[in-house]
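Have a look at the structure below, then the notes.
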Amino acid sequence: MGPPTLALLVAARDRPGTLYQISEVIFRHRGNITYIATSAVGETQIEIDGVADADRLVADLEALEVVRSVMPVPSFREIFGKRVIVMGGGAQVGMVAQGAISEADRHNIRGERISVDTIPLVGEERLAAAVRAVARLHRACVLVLAGALMGGDITRAVREIQQAGMIVVCTSMAGSLVKAADLVVSDPVEAGVMAVMLVADTARFSIEKVRGRRF
């Protein structure tokens, strides 16, 4: 087992080449950048695997003229954990979120880290674009789609993110989506509960045991 993920909050000058210089130092330390994001205040959180000497890396980054400060911080996985994404029709999204948040709370009390993100959306084009974007979201593990009718490009988008390893749960509805989803759950609250159970390490519930079933 290698070194744990190192998360650094880097404050640097806003100029061309800054990110190149920072990443070049990380490369010299044989680090693999697994996540990077810049905040509204100009700080960049970088999460790195494979760094054997974290103190030396921090010192080398601080020695760069473009860097103002470097602070080790907890990784987003440590703080927020796995992400459950809920989208679709407003009322049903709220009910799915209610179930997911209640179940996540139960597991988080026991040491798990699971967060729930929601967005009410309507329209095939908007939903399909949002579904495809889920595969690019950091720490996203499962998507729940809630609504009355979904199919067409939404179904195609679901199949695409499933190929990337995403689990997709949907509520019972009209349209072709129900044939593509990994799991179909009639009750939206229960759909949220089951989505969390599918990704919780503190639950004995595997998608391999229920894939393709309806509840």
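A compact table of results
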{"read-out": "Order of His107, His138, His29 under a 10 Å beta carbon neighbour criterion, fewest first", "value": "His138, His29, His107"}
{"read-out": "FRET E, pair Arg30, Lys179, Förster distance 45 Å, beta-carbon r, rounded to 0.05", "value": "0.50"}
{"read-out": "Burial ordering of Ile26, Ile36, Ile154, fewest other beta-carbon atoms within 10 Å first", "value": "Ile36, Ile26, Ile154"}
{"read-out": "Rounded to the nearest 20 debye, dipole of region 24-131 from Cβ charges on Lys, Arg, Asp, Glu", "value": "320"}
{"read-out": "Dipole of region 80-214 [Lys/Arg +1, Asp/Glu -1 at C-beta], most positive-end residue of Ala200, Val131, Gln92", "value": "Ala200"}
{"read-out": "Residue of Gly111, Gly99, Gly88 that the Gaussian network model of the chain assigns the largest fluctuation, springs spanning Cα pairs under 10 Å", "value": "Gly111"}
{"read-out": "Stokes-Einstein D for region 126-178, Kirkwood Rh over Cα pairs, 10 °C, 1.306 mPa s (µm²/s)", "value": "145"}
{"read-out": "Interchain or long-range residues, amide H under 5 Å from Val185's placed H", "value": "Cys170, Thr171, Ser172, Phe215"}
{"read-out": "Bridge type composition, the chain - antiparallel percent by DSSP, nearest 5", "value": "45"}
{"read-out": "FRET efficiency, 1/(1 + (r/R0)^6) with R0 30 Å, evaluated for Ile109 and Thr38 via beta carbons", "value": "0.35"}
{"read-out": "Candidates per trypsin sites (Lys or Arg not before Pro) in region 85-119, loop by DSSP, up to 11 other Cβ within 10 Å", "value": "Arg110"}
{"read-out": "Net length gained if the chain between Ile79 and Gln21 were fully extended (0.36 nm per residue, minus Cα distance)", "value": "18.1 nm"}
{"read-out": "Burial ordering of Lys82, Lys209, fewest other beta-carbon atoms within 10 Å first", "value": "Lys209, Lys82"}
{"read-out": "At R0 = 41 Å, FRET efficiency that the Cβ-Cβ distance of Ala164 and Glu65 yields, to 0.05", "value": "0.55"}
{"read-out": "Full-stretch length increase - His138, Arg204 - with 0.36 nm per residue and alpha-carbon distance subtracted", "value": "21.3 nm"}
{"read-out": "For the chain, average projected area of the Cα convex hull in nm²", "value": "13.5"}
{"read-out": "Of Ala164, Ala130, Ala180, the one that fluctuates the most in a GNM where the chain has Cα springs shorter than 10 Å", "value": "Ala164"}
{"read-out": "For the chain, built as a Gaussian network whose Cα springs stay under 10 Å, the top-fluctuating residue of Arg68, Arg15, Arg30", "value": "Arg15"}
{"read-out": "Sequence-separation-based contact order of region 72-215, relative, with Cα cut under 8 Å and 6+ spacing, percent", "value": "28"}
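Each value in this text was obtained by applying a stated rule to the coordinates, not by laboratory testing. The structure displayed is predicted, hence computed values, not measured ones. Quick reminder, even Gly has a Cβ in these numbers, built from the backbone with ideal geometry, and neighbours come from all protein chains shown.
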